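*Asks:* This is the structure I have questions about; it appears just below.
The values are calculated or read from the model by the stated rules, or taken from the named source; none is laboratory data. Since we're looking at a predicted model, the values are computed, not measured. Glycine gets a Cβ as well: all are built from the backbone with ideal geometry, and neighbour counts include every protein chain shown. Accessible surface areas use protein heavy atoms only, side chains included; no ligands, DNA or RNA. Shrake-Rupley method; radii C 1.70, N 1.55, O 1.52, S 1.80 Å.
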Amino acid sequence: MAKAPKVQKTNAMRELEREGVPYILHTYEDDGEESRGLGESIAAQLGEDPGQGFKTLVTVAPSGNHVVCCIPVAEELDFKAAAKVAGEKSLEMLPTKQLTAVTGYVRGGCSPLGMKKPYPVVFDASAGNFEEIYVSGGRIGLTLKVPLTDLLKVTGGKLAEITA
């Protein structure tokens with residue numbers, strides 16, 4: 001019987017392990033071609049409900065504060081709603097070229113776990129429909145299935161209506 005290939009741990013996995021949170025690691029193929037619809041494609045590869053897979057979006061306020069928003073892969077962020085929840089005047093997407101410097105992650109592999117610094121994290125309220133949700137594992141090609149209550153505790157996250 002062939003052994004599964006060994007996957008190098010990411011900061012996201014290390015943070016969960018340090019906190020004693022169980023997770024299931026899944027790998028997926030990413031052709032690197034088109035990012036639009038990628039989350040839905042990954043959900044299909046894993047046989048998961050696309051509503052259970054959450055993408056991580058890093059936003060910035062005029063104050064310079066960063067807010068991490070996790071929304072279902074097929075949805076769009078409601079910036080106004082997210083800003084209100086975060087107590088900011090407004091939010092906009094962090095420019096991609098700043099993502100690695102701010103979070104330690106690359107586009108397509110950004111996780112709400114294990115960032116360089118802790119930032120406020122808001123999960124769309126729809127996450128509350130599931131006991132476990134999927135988030136990025138901290139590298140392109142990796143996703144983690146994590147119990148929602150543990151994920152909220154580790155990230156200090158909250159649930160709110162933040163999709164358009």
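*Asks:* For Ile140, what accessible area in Å² do you get when you roll a 1.4 Å probe over the heavy atoms of the protein chains, rounding to the nearest 10?
*Replies:* For Ile140, the solvent-accessible surface is approximately 70 Å².
*Asks:* Testing the spin-label approximation: label points 7 Å from Cα along Cα→Cβ at Val106 and Lys6. State their distance in nm.
*Replies:* If labels sit at Val106 and Lys6, their model points lie 2.2 nm apart.
*Asks:* Using +1 at the C-beta of Lys and Arg and -1 at the C-beta of Asp and Glu, which of Tyr119, Ala86, Thr143 has the Cα lying farthest in the positive direction of the dipole of the chain?
*Replies:* The one lying farthest along the dipole's positive direction is Tyr119.
*Asks:* On the protein heavy atoms, probe 1.4 angstrom, tell me the percent of accessible surface of the chain carried by carbon and sulfur.
*Replies:* Carbon and sulfur: 50 percent of the exposed surface of the chain.
*Asks:* Now for a different question. Under 17 Å from the Cα of Lys80, which lysines turn up, not counting those fewer than eight places away in the same chain?
*Replies:* Lys89, Lys158
*Asks:* Something else now. Stretch Glu161-Lys80 to full length: gain in nm at 0.36 nm per residue minus the Cα-Cα span?
*Replies:* Between Glu161 and Lys80, full extension yields an extra 28.1 nm.
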